[in-house]
Structures are given as structure tokens and as C-alpha cells.
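Trainee: First, the structure itself, so that you have it in front of you.
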Amino acid sequence: MYNHKEIEKKWQKKWEKDRLYKSQDFSDKPKFYCLDMFPYPSGAGLHVGHPEGYTATDIVSRYKRMNGYNVLHPMGWDAFGLPAENYAIKTKVHPDKSTHENINRFREQIQSLGLSYDWEREVDTSSPEYYKWTQWFFLFLYKNGWAYRKKAPVNWCPSCQTVLANEQVIDGACDRCKTKVIQKELKQWFFKITDFAEELIAGLDKIDWPESTKIMQRHWIGKSEGAEIKFSIFNFQFSISVFTTRPDTIFGATYLVLAPEHKIVEKLKDKIENYAEIEKYVLASKKKTERERLAQEKEKTGVELKGIKAINPANNQEIPIFIADYVLKGYGTGAIMAVPKHDLRDYLFAQKYNLPIVEVIKLCEIKNEKLKIKNHNLKFKNNREEELVYEDEGVLVNSGEFNGLDSEAAREKITEWLATKGLAKKKINYKLRDWLISRQRYWGAPIPIFYCEKCGEVPVSEEDLPVLLPRDVDFMPHGESPLTRSKEFHKVKCPKCGGKARRESDTMDTFVCSSWYFFRYCDPKNAEEFASKKLLKYWMPVDLYVGGAEHTVLHLLYSRFFTKALHKKGLINFDEPFLKLRHQGMILAEDGRKMSKSLGNVINPDEVVEKYGADTMRMYEMFMGPFEDSIAWNTKGVIGVRRFLEKVWKIKSGIRNQESGTRNNKLDGLVHRIIKKVGVDIENFKFNTAVASLMILVNHMEREEFIPQHLFESFLKILSPFAPHLAEELWTQLGYKVGDAEGSGTADEGSKSIFVEKWPEYDLRLVQEDEVDLVIQVNGKVRAVVQVKTDISESEAKKIALKQEKIKKWIGGKKVRKFIFVPGRLINIVI
């Protein structure tokens with residue numbers, strides 16, 4: 001019986017003592033930097049979703065070490081931020097204490113899984129040794145013009161008396177107390193990520209990331225090529241600039257819509273006949289969150305600026321101007337031209353306010369170099385009626401001299417025509433907005449800025465970092481940053497003039513901490529710089545990064561921004577931090593739903609490890625299905641994997657006295673084929689099929705009368721990344737001593753840990769199969785599988801297929817119309 005409790009603890013202690021997984025700076029071996037997205041150390045501890053990604057990187061790391069790589073595989077803690085602070089508020093325990101208790105718990109859980117991390121490089125974002133360099137990054141961006149302060153609206157919870165991040169607003173309410181969130185204007189710090197919009201888009205073409213993640217980042221950045229067009233205001237020396245990607249539709253623009261905060265509203269307040277109504281609408285809009293204003297399902301509202309008209313520059317017609325809260329000040333120019341015949345949202349608004357609808361585009365086909373207009377009814381339902389709305393490109397109608405042009409040509413010519421009048425210019429616009437990093441919370445890195453009555457804004461000098469988080473404060477929310485109330489924190493003088501000053505009371509968004517942590521792992525003990533240039537050049541960029549798809553935009557985008565900023569100033573020689581990225585799917589509860597305490601369906605990994613062992617847990621999570629898929633937990637599957645490991649344990653006892661030179665040709669070929677397959681599968685993140693191959697091999701071994709030791713050794717080596725404890729234990733039972741040279745992590749002649757062995761090579765001659773499984777289908781459905789010679793002919797395959805009793809049953813005397821034969825793979829019988 002395989003005693004996992006005793007064996008797993010034994011080897012975990014031994015590996016730690018021997019520093020088996022220590023990375024070597026500047027090794028002659030090729031480097032491989034393998035990284036997990038580090039966790040928030042929440043009070044709940046690890047859930048079964050964490051080990052899936054961690055096990056995958058551990059398998060890859062072990063595989064790469066055995067293939068001669070110097071592997072950096074670190075772990076740390078995203079310890080600052082709202083999750084940790086909210087837990088502290090809930091338990092009324094100081095976040096420093098509760099967070100570090102949670103870290104200790106997480107570390108124990110991770111170590112119980114036998115993951116091969118270099119714990120000597122562990123980082124904690126809430127330690128002064130770390131956040132000193134988070135503050136350095138703030139100053140680096142500030143000095144280069146990429147950090148600035150301005151007034152901005154924030155989500156405000158009246159009950160909790162605190163600012164909330166967008167992620168903390170669920171359906172317009174605070175995620176903690178469910179109070180309706182309002183908007184409030186405060187002075188905030190921003191990072192100028194918009195300066196890097198084009199570089200962030202271009203860089204996606206040279207990295208190996210899931211295409212869905214690249215699409216999401218491109219969408220978030222939102223590059224749009226179009227024109228900025230001026231609409232003058234009748235009888236006033238003012239104009240409104242509008243950005244549009246469709247200048248070809250301008251002859252159909254029958255009204256303008258402005259954001260309620262648009263500056264022109266205040267400028268023209270004496271001319272607007274219904275300004276009281278406008279002012280009321282503006283105030284109501286400011287109370288809504290951005291998410292509420294943009295909600296697709298909500299009815300669009302607006303108010304016309306009576307007494308004010310704009311002039312459509314294409315046809316010189318007067319058109320009304322509205323304000324509406326679905327237009328945001330921060331997007332484009334804060335104003336849009338509305339073309340209701342060719343935009344669904346504009347159409348609904350025009351219907352509601354009885355505004356003109358003019359068709360200016362018709363669907364077209366290009367045939368024989370001629371444009372042909374054809375009738376096209378693209379319909380949608382608006383509860384009560386159906387109307388024609390055409391949103392795609394076509395040819396222009398009702399557009400003066402531009403009639404008959406296709407949309408692409410018309411965009412160019414109309415922009416040029418308006419530009420000659422000084423009314424338009426080509427423009428590239430981005431949806432991306434600057435990153436708001438201020439948080440009016442306690443548990444975060446203080447922003448290193450002084451405010452002096454005489455000198456104004458003054459940065460802290462680098463020599464005075466870190467600006468320590470004060471302890472003489474109540475960290476519970478009171479409507480302003482808790483740091484405001486610290487006496488110790490504000491006992492400062494202006495470093496410029498020596499006069500009276502105060503420190504910035506806001507702390508930084510936790511995403512700032514996680515936007516550079518991967519650099520710190522390269523040189524975690526450095527007190528002089530965030531990491532030495534030599535070590536950054538050696539280890540970076542990260543070769544493999546694994547984590548959840550929920551970080552597709554924010555964390556991944558911000559990390560790329562930090563990297564590009566450093567590269568632009570010549571501090572590093574690369575501009576993308578993560579060369580290869582893979583996302584793991586979600587592990588669902590056994591009932592197929594998302595795991596939740598409230599549903600009582602959470603699987604505790606500690607219980608699985610206790611009952612079945614860490615190796616079982618690791619192998620089961622890899623065997624569940626494709627790595628990127630969301631799959632439901634299945635306890636029967638866990639038991640099945642445990643039985644597989646018991647089989648391996650039992651097989652070893654049967655080969656104890658066999659000589660290593662003994663041959664078994666049939667098994668030889670299978671072992672070599674599976675060595676090749678497991679290696680390829682690990683490289684391609686197909687862990688489930690790699691485990692399946694190992695199971696096939698063990699089933700064959702079970703049926704063998706004898707197994708040569710050299711074949712069993714090769715099997716243990718390819719099993720070892722998946723089930724390290726069992727593999728190491730059986731390795732010693734084969735007579736190998738496990739240890740290392742003075743705990744240096746470098747093996748000597750007496751060190752025979754399986755993890756310092758070379759990955760087995762396969763013999764190409766043996767990989768060629770003598771026999772293969774031939775799949776037999778009837779009308780495209782698999783009905784039988786038989787083993788045949790690799791080089792079987794089509795005629796032989798037909799004969800064998802038709803002799804199968806299962807196939808005879810499915811054909812049932814019907815006439816075979818044809819056979820479809822794929823050599824060495826399948827034959828399909830069509831009846």
C-alpha cells in the first residue's frame with residue numbers, strides 16, 4: 001500500500017533541505033523563467049482552482065530542468081489591496097497581522113503540493129523592502145511626465161464612506177453593504193498609459209498569447225481611425241468637435257449629442273433657454289456610475305439645448321443639440337454626430353424624440369468593377385414596430401457630389417473636402433483612458449509626494465524611500481483615506497524650502513504592485529535598485545506565464561505598460577514582459593456550478609491531499625480535461641487517479657530483482673513512443689493526454705511477466721513531473737541515493753535525485769509503431785476499434801472491418817455505398 005502521508009512529507013523536507021530547486025544566476029545553461037500569477041492571500045486559503053495552474057507550471061519547470069535548463073520558478077504574494085483590507089475590516093484584525101497569517105497558511109498549502117518553487121526568491125508586496133521600489137516606479141513615471149494629478153469622478157459608497165474600485169460595484173451597488181453607489185469628484189493620481197496605446201497594440205503581434213486575450217486587449221485599447229469634424233454653432237463663435245469613424249455618413253447626421261459634462265454647456269448657459277432643465281439633468285448624470293450610463297439595456301434619455309443649433313458642415317443644415325448621459329466626457333471629444341438611419345442606438349433616440357431620419361448609405365456589391373445597388377432589408381424589432389436600419393458600408397445616396405462613391409472612398413474624399421474648409425482633420429482615437437491609481441484606503445503603498453504651501457507638489461527623493469505606511473491610524477473606512485488622520489505620517493517639512501508640508505494621504509492601487517513584481521524575482525534581495533540590469537538582462541523576459549483569464553486586461557495591460565516605459569528610457573533591453581501566456585480554465589463544483597461558500601459546494605484542497613495525496617491531486621487536475629477548459633470536479637475521477645498511482649507502486653515491487661539489461665521489445669517500443677508523446681504534450685500544454693498516455697503504459701506494464709529496470713526507470717522519469725513524491729520514492733528503491741553537494745542545488749556523483757537526471761531520449765526506430773488502432777466508423781460514427789499493422793492496405797482494412805461482429809450488426813444487411821479510408825487511422829463505411 002502506497003503511504004502518501006509519510007512519503008510526501010519526507011520528500012518535501014528533503015527537497016527543501018537540499019535546496020533542490022534553487023535557481024542559479026548567470027548559469028552556463030540556457031535559462032527558462034516560468035511564472036505563475038501570484039495570489040491574493042485571502043482568509044479562505046487556497047481553493048482547488050489555484051493548484052491547477054501551479055501544477056502545470058511545476059510540470060513544465062521540472063521537465064525543463066531535466067532537459068538541461070536553468071529554471072527560475074518563483075512564488076510570492078500580492079498582499080496589498082482591497083481583498084486583504086476588506087478581510088481585515090470584517091474580522092477587525094489589523095491587515096498587516098491578518099495578511100501575514102494568511103500568507104503563512106497559503107505557503108503551507110502550496111508546499112504540501114510538492115511544487116518546485118525557489119522559496120529563496122519569495123516576495124511580499126506589503127513589505128517595505130518591496131514597496132520601496134513600488135514607490136520608485138511611481139517617481140520614475142512622475143519624473144518622465146507619465147504620472148499626474150487631476151480632479152476625476154469616483155465611485156462612492158455613502159454607507160461605507162469610502163471610494164470603491166469599478167470591480168467593487170456590482171449592479172450599481174457596493175459589493176460589501178449593497179448600498180447604491182454614487183459619483184463624487186476628488187483629486188486623483190493617474191498614470192499616462194495612453195501615451196503607449198499604439199505600442200501596446202503593436203506588441204501583441206510578437207508574443208505567444210491566446211488570440212482571445214489579444215482581441216480583448218485590442219478592444220480595451222480601442223483604436224479607431226477616422227476624422228475629427230467641427231460643427232459650428234449657429235449665431236455664436238463657437239464650434240463643437242466630433243470624432244467619427246464614419247465621415248461617409250455625415251450627410252445623414254440630423255442631430256448632435258454631448259456628454260452632460262461637456263464644457264460648451266457651461267459656456268452657453270446664458271443662451272440656453274431651458275438651462276434649469278439642463279442643469280438638473282447634468283446633476284442627475286453625475287450621480288450615475290459609468291457602468292450605469294453605458295448599460296445597453298437601459299432606455300436612452302436626453303435633453304435638447306433649446307435655443308442652440310449646430311450646423312452640419314456637409315449640407316449647412318441646422319440640427320438640434322442634445323445632452324445625454326450615455327455619451328461620456330472621457331471618450332473621444334465628448335460629443336457624437338447622430339446618424340439614425342445607420343446606427344441602431346441613434347435610431348432609437350431619434351424615434352423617441354421625433355428627430356429626422358435620412359438614408360445616406362445603401363448596401364452594395366462589387367461585380368465586374370461596377371457598383372450595383374440591391375434591395376436589402378436588415379430588420380430589428382423595437383417592441384412595437386420594424387424599421388430599416390443599415391449599419392454596414394455601401395454606396396452613398398443623398399450625399400450631394402459624393403453620391404455613388406463606396407464608403408471607403410467617400411470617407412477619404414469627404415474628410416479631404418471638409419479639411420480644405422478648415423472643418424476636419426484625420427484623427428486616430430483610442431478608447432483607452434489613463435490609469436487612475438489613487439485609493440482612499442489604508443492597506444496599500446503610500447504615494448511618495450509632499451504638498452507644500454509654498455512649493456506645491458514635491459516628490460519624495462529616492463534616498464528617502466520607502467515612505468512607510470503609518471501604524472498610528474484606524475484602518476476602518478471613515479470617508480477619507482485613513483492616512484489623513486495619522487499624526488506621525490504628516491510630521492514632515494518641505495524638502496525644497498523647509499516650510500510646512502503634508503504627505504499625500506492616498507495609497508496606490510494594488511495593480512501598481514503587481515505591474516512589476518516579475519522583475520523583482522530576478523534580484524529579490526537588492527537594496528540598491530529594483531533589480532540589477534545584468535540579472536534583468538539574463539532572466540527577462542518571462543518565458544512562460546500562467547494564470548486566469550480574468551486578468552486579461554488590467555494586470556496584463558498594466559505590466560506591459562510598465563515594461564514599455566522602462567524600455568523607452570533605456571533601462572531594459574526588451575519591451576514585452578511575457579513571451580508566452582496560457583490561461584487555465586475554471587474548476588467547477590461537482591454539481592457543475594461555480595464553487596461558492598453560500599452554495600456549500602466548495603472543494604477544499606487540503607482534504608483531497610490528506611485523503612488521497614498531493615500526487616493524486618496534481619495528476620487529477622491535469623487529467624480532468626483540456627487545461628484551458630472549465631470542468632466540473634469529480635470525486636470518482638480522483639479515486640481513479642489514486643488507483644493508477646497504486647498500480648505504479650505495485651509494479652515496482654515486481655521488478656525488484658530483474659536485471660537492467662533484460663529486453664522486452666514490445667514494451668520497449670511503447671515506452672519510447674510515450675516518452676516522445678509526453679514531452680510533446682508538456683510543451684503544448686496537453687497535460688490530460690500526457691496523463692492518459694502514462695496510464696496506457698502502466699496498463700500494458702501490468703500485463704507483462706517481466707519489466708526491464710531500464711524501462712521502468714525511463715517511465716519514472718516521465719512520470720516524475722506529474723507525481724514527484726511517488727517517482728522520487730520509487731527511484732530510491734531502485735538503488736539511487738538522493739542528496740546533493742553541500743546543499744547547493746548542484747548534483748555531484750553521489751546525488752541521484754530523479755530531478756537532476758536527464759529527460760529520457762527516445763529511439764526514432766522504436767517510435768515507429770508496428771501496430772496501430774484502426775477506428776472503424778459507420779456513417780461517420782465510431783462503432784469499433786481494432787489493432788492492425790501500421791502499413792495495412794485499404795483492401796485489407798475493408799476485409800477486417802466487415803468481419804467485425806459489431807460492424808455487421810450496424811450494417812444489418814444494408815448495401816455499402818462506399819468506403820473512406822485514412823491510412824493508419826480509420827475506415828468509414830457509408831451505407
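Trainee: Across segment 69-103, what is the total count of residues that are open to solvent by 30 Å² or more (accessible area, probe 1.4 Å) and in a loop (DSSP other than H, G, I, E, B)?
Mentor: The total comes to 4.
Trainee: Next up: Filter segment 773-827 for residues that are in contact with a Phe, Trp or Tyr (Cβ under 7 Å, 6 or more places away or on another chain) and not β-branched (Val, Ile, Thr); which is least open to solvent (accessible area, probe 1.4 Å)? Let's see the steps before the verdict.
Mentor: Our first condition is that a residue be in contact with a Phe, Trp or Tyr (Cβ under 7 Å, 6 or more places away or on another chain); within segment 773-827, this holds for 778, 783, 794, 797-798, 827.
Okay, now just the ones that are also not β-branched (Val, Ile, Thr), so 783, 794, 797-798.
Details: Arg783: 64, Glu794: 75, Ala797: 0, Lys798: 66 Å².
Ranking the candidates gives Ala797 first.
Trainee: Okay, next question. Specify which of the listed residues (Ser596, Ser559, Ser532) is under 20 Å from Asp36 (Cβ atoms), of a type in the set (S, T, N, Q) and without any contact (Cβ under 8 Å) to a residue 60 or more places away in the chain. First the steps, then the outcome.
Mentor: Numbers: Ser596 fails: under 20 Å from Asp36 (Cβ atoms); Ser532 fails: under 20 Å from Asp36 (Cβ atoms).
Only one candidate passes the filter, namely Ser559.
Trainee: What number of residues in segment 526-549 are in contact with a strand residue (DSSP E or B) (Cβ under 9 Å, 6 or more places away or on another chain) and part of a helix (DSSP H, G or I)? Spell out the reasoning first.
Mentor: Taking segment 526-549 and keeping what is in contact with a strand residue (DSSP E or B) (Cβ under 9 Å, 6 or more places away or on another chain), we get 538-549.
Narrowing the set further to residues that are part of a helix (DSSP H, G or I) leaves 538-539, 549.
Looking only at that region, the number is 3.
Trainee: Count, please, the residues in segment 392-402 that happen to be β-branched (Val, Ile, Thr) and surrounded by fewer than 20 Cβ atoms within 10 Å (Cβ to Cβ). Talk me through it step by step, then tell me what you get.
Mentor: The first filter runs over segment 392-402 and keeps only residues β-branched (Val, Ile, Thr), leaving 395, 397.
Now drop any that are not surrounded by fewer than 20 Cβ atoms within 10 Å (Cβ to Cβ), which leaves 397.
Final tally of qualifying residues: 1.
Trainee: Sort out which residues of segment 627-665 are modelled with pLDDT of 85 or more, open to solvent by less than 50 Å² (accessible area, probe 1.4 Å) and farther than 19 Å from Leu730 by Cα, and write them in order of number.
Mentor: Phe627, Ile631, Ala632, Trp633, Thr635, Gly637, Val638, Gly640
Trainee: Moving to a separate point now. If Tyr63 meets every condition in (1) of a type in the set (Phe, Trp, Tyr); (2) open to solvent by 10 Å² or more (accessible area, probe 1.4 Å); (3) in contact with a strand residue (DSSP E or B) (Cβ under 9 Å, 6 or more places away or on another chain) apart from one, which number is that one?
Mentor: In the conditions (1) of a type in the set (Phe, Trp, Tyr); (2) open to solvent by 10 Å² or more (accessible area, probe 1.4 Å); (3) in contact with a strand residue (DSSP E or B) (Cβ under 9 Å, 6 or more places away or on another chain), Tyr63 misses (3) alone.
Trainee: Further question: Can you say whether Lys269 is at pLDDT below 95, open to solvent by less than 50 Å² (accessible area, probe 1.4 Å), in a loop (DSSP other than H, G, I, E, B) and farther than 29 Å from Lys426 by Cα, as far as the supplied structure shows?
Mentor: On the way: at pLDDT below 95: yes; open to solvent by less than 50 Å² (accessible area, probe 1.4 Å): no; in a loop (DSSP other than H, G, I, E, B): yes; farther than 29 Å from Lys426 by Cα: yes.
Answer is no for this residue.
Trainee: Looking only at segment 528-575, count every residue that is under 15 Å from the mean Cα position of the chain (by Cα) and either among the aromatic types (Phe, Trp, Tyr) or more than 23 Å from Pro51 (Cβ to Cβ) (or both) and tell me the total.
Mentor: Counting residues in segment 528-575 that are under 15 Å from the mean Cα position of the chain (by Cα) and either among the aromatic types (Phe, Trp, Tyr) or more than 23 Å from Pro51 (Cβ to Cβ) (or both) gives 8.
Trainee: Write out, first by first residue and then by second, each pair whose Cβ atoms fall under 6 Å of each other, whose residues are 6+ apart or on separate chains, and whose first residue, in segment 260-279, is more than 12 Å from Phe322 (Cβ to Cβ) while the second is open to solvent by 90 Å² or more (accessible area, probe 1.4 Å).
Mentor: Glu261/Lys329; Glu273/Lys306
Trainee: Still on this structure: Mind listing whichever residues of segment 22-37 are open to solvent by less than 20 Å² (accessible area, probe 1.4 Å) and either part of a helix (DSSP H, G or I) or touching a Phe, Trp or Tyr at 6+ places or on another chain (Cβ under 6 Å) (or both)?
Mentor: Tyr33, Leu35, Asp36
Trainee: Further question on the same structure: May I ask you to list pairs of residues, at least six apart or on different chains, whose Cβ atoms are under 6 Å apart, with the first in segment 280-309 being on the phi < 0 side of the Ramachandran plot and the second being among the aliphatic types (A, V, I, L, M) and in a helix (DSSP H, G or I)?
Mentor: Close Cβ pairs (under 6 Å, with a partner that is among the aliphatic types (A, V, I, L, M) and in a helix (DSSP H, G or I)) amount to Val303/Ile278.
Trainee: Residues Phe251, Phe243: which one is crowded, with 16+ Cβ neighbours inside 10 Å, in contact with a Gly (Cβ under 6 Å, 6 or more places away or on another chain) and at pLDDT 95 or above?
Mentor: Going through Phe251, Phe243 in turn, the sole match is Phe243.
Matching residues to (1) buried (at least 19 other Cβ atoms within 10 Å of the Cβ); (2) out of contact with any Gly (no Cβ under 6 Å at 6 or more places or on another chain); (3) in a loop (DSSP other than H, G, I, E, B); (4) at negative phi:
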position	(1), (2), (3), (4)
Gly404	no, yes, yes, no
Ala409	no, yes, no, yes
Thr415	yes, yes, no, yes
Arg433	no, no, yes, yes
Arg441	yes, yes, yes, yes
Tyr451	no, yes, no, yes
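Trainee: So which residues in segment 757-767 are in contact (Cβ under 8 Å) with a residue 60 or more places away in the chain and either open to solvent by 80 Å² or more (accessible area, probe 1.4 Å) or not aromatic (Phe, Trp, Tyr) (or both), if there are any at all?
Mentor: Glu757, Lys758, Pro760, Glu761, Tyr762, Asp763, Leu766, Val767
Trainee: Looking only at segment 682-692, which residues are part of a helix (DSSP H, G or I) and crowded, with 19+ Cβ neighbours inside 10 Å?
Mentor: Step one: list which residues in segment 682-692 are part of a helix (DSSP H, G or I), which gives 682-683, 687-692.
Of everything in segment 682-692, those that are part of a helix (DSSP H, G or I) and crowded, with 19+ Cβ neighbours inside 10 Å turn out to be Ile682, Phe687, Ala690, Val691.
Trainee: Given the conditions (1) closer than 27 Å to Gly43 by Cβ; (2) among the charged types (D, E, K, R); (3) out of contact with any Asp or Glu (no Cβ under 9 Å at 6 or more places or on another chain), which single one is not true for Asp175?
Mentor: (3)
Trainee: While we're here: Return only the number of the condition from (1) part of a loop (DSSP other than H, G, I, E, B); (2) in contact (Cβ under 8 Å) with a residue 24 or more places away in the chain that Tyr63 does not satisfy.
Mentor: Against the list (1) part of a loop (DSSP other than H, G, I, E, B); (2) in contact (Cβ under 8 Å) with a residue 24 or more places away in the chain, Tyr63 comes up short only on (1).
Trainee: Related question: Check segment 498-517 and report whether any residue there is over 30 Å from Pro477 (Cβ atoms) and open to solvent by 10 Å² or more (accessible area, probe 1.4 Å). So that I can check it myself, show each step before the final result.
Mentor: Filtering segment 498-517 for residues over 30 Å from Pro477 (Cβ atoms) gives 498-499.
Then drop every residue that is not open to solvent by 10 Å² or more (accessible area, probe 1.4 Å), which leaves 498-499.
Scanning segment 498-517, I find at least one residue that is over 30 Å from Pro477 (Cβ atoms) and open to solvent by 10 Å² or more (accessible area, probe 1.4 Å), so the answer is yes.
Trainee: Go through (1) under 22 Å from Val163 (Cβ atoms); (2) in contact with a strand residue (DSSP E or B) (Cβ under 7 Å, 6 or more places away or on another chain); (3) not in a loop (DSSP other than H, G, I, E, B) one by one and return the number of the condition Thr484 breaks.
Mentor: Looking at each condition in turn, Thr484 falls short on (2).
Trainee: Cβ-Cβ distance below 9 Å, separation of 6 or more or different chains: which pairs start in segment 171-187 with a residue that is at positive phi and charged (D, E, K, R) and end on one that is exposed (fewer than 14 other Cβ atoms within 10 Å of the Cβ) and in a strand (DSSP E or B)?
Mentor: These pairs meet every condition: Lys178/Ile170.
Trainee: Can you pull out the residues in segment 172-231 that are open to solvent by 10 Å² or more (accessible area, probe 1.4 Å), farther than 30 Å from Pro313 by Cβ and either in a strand (DSSP E or B) or hydroxyl-bearing (Ser, Thr, Tyr) (or both)?
Mentor: Those that are open to solvent by 10 Å² or more (accessible area, probe 1.4 Å), farther than 30 Å from Pro313 by Cβ and either in a strand (DSSP E or B) or hydroxyl-bearing (Ser, Thr, Tyr) (or both): Ala173, Thr179, Lys180, Ile182, Gln183, Lys184, Glu185, Leu186, Lys187, Phe190, Asp208, Ser212.
Trainee: Of everything in segment 333-356, what is within 20 Å of Ile311 (Cα to Cα), touching a residue at least 24 places away in the same chain (Cβ under 8 Å), over 36 Å from the mean Cα position of the chain (by Cα) and surrounded by fewer than 22 Cβ atoms within 10 Å (Cβ to Cβ)? Give them in sequence order.
Mentor: Scanning segment 333-356 gives Ala350, Tyr353, Leu355, Pro356.
Trainee: OK, next. Any residue that is under 22 Å from Ser285 (Cβ atoms) and of a type outside the set (Gly, Ala, Ser) - is there at least one of those in segment 140-150?
Mentor: Start the filter on segment 140-150 by keeping residues that are under 22 Å from Ser285 (Cβ atoms), which leaves 150.
Going one step further and asking which of them are of a type outside the set (Gly, Ala, Ser), we end up with 150.
So far as segment 140-150 goes, yes, one or more of its residues are under 22 Å from Ser285 (Cβ atoms) and of a type outside the set (Gly, Ala, Ser).
Trainee: Related question: I'd like to check something: does segment 737-756 contain any residue that is assigned to a loop (DSSP other than H, G, I, E, B), among the hydrophobic types (A, V, I, L, M, F, W, C) and modelled with pLDDT of 95 or more? Let's see the steps before the verdict.
Mentor: Start the filter on segment 737-756 by keeping residues that are assigned to a loop (DSSP other than H, G, I, E, B), which leaves 737-753.
From the residues that got through so far, the ones that are among the hydrophobic types (A, V, I, L, M, F, W, C) too are 738, 741, 747.
This time we only want the ones that are modelled with pLDDT of 95 or more, so: none.
No.
For (1) crowded, with 17+ Cβ neighbours inside 10 Å; (2) over 20 Å from Ala84 (Cβ atoms); (3) in contact with a Cys (Cβ under 9 Å, 6 or more places away or on another chain); (4) modelled with pLDDT of 95 or more, each residue gets a yes or a no:
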site: Gln135; (1), (2), (3), (4): yes, no, no, yes
site: Cys157; (1), (2), (3), (4): yes, no, yes, no
site: Gln161; (1), (2), (3), (4): no, no, no, no
site: Leu164; (1), (2), (3), (4): yes, no, yes, no
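The values are calculated or read from the model by the stated rules, or taken from the named source; none is laboratory data. Just so it is clear, the structure is predicted and the values come from calculations on it, not from any experiment. Counting neighbours? That spans all protein chains shown, and the Cβs are built from the backbone with ideal geometry, glycine included. Surface accessibility is based on the protein's heavy atoms, side chains included, excluding ligands, DNA and RNA. Shrake-Rupley method; radii C 1.70, N 1.55, O 1.52, S 1.80 Å.
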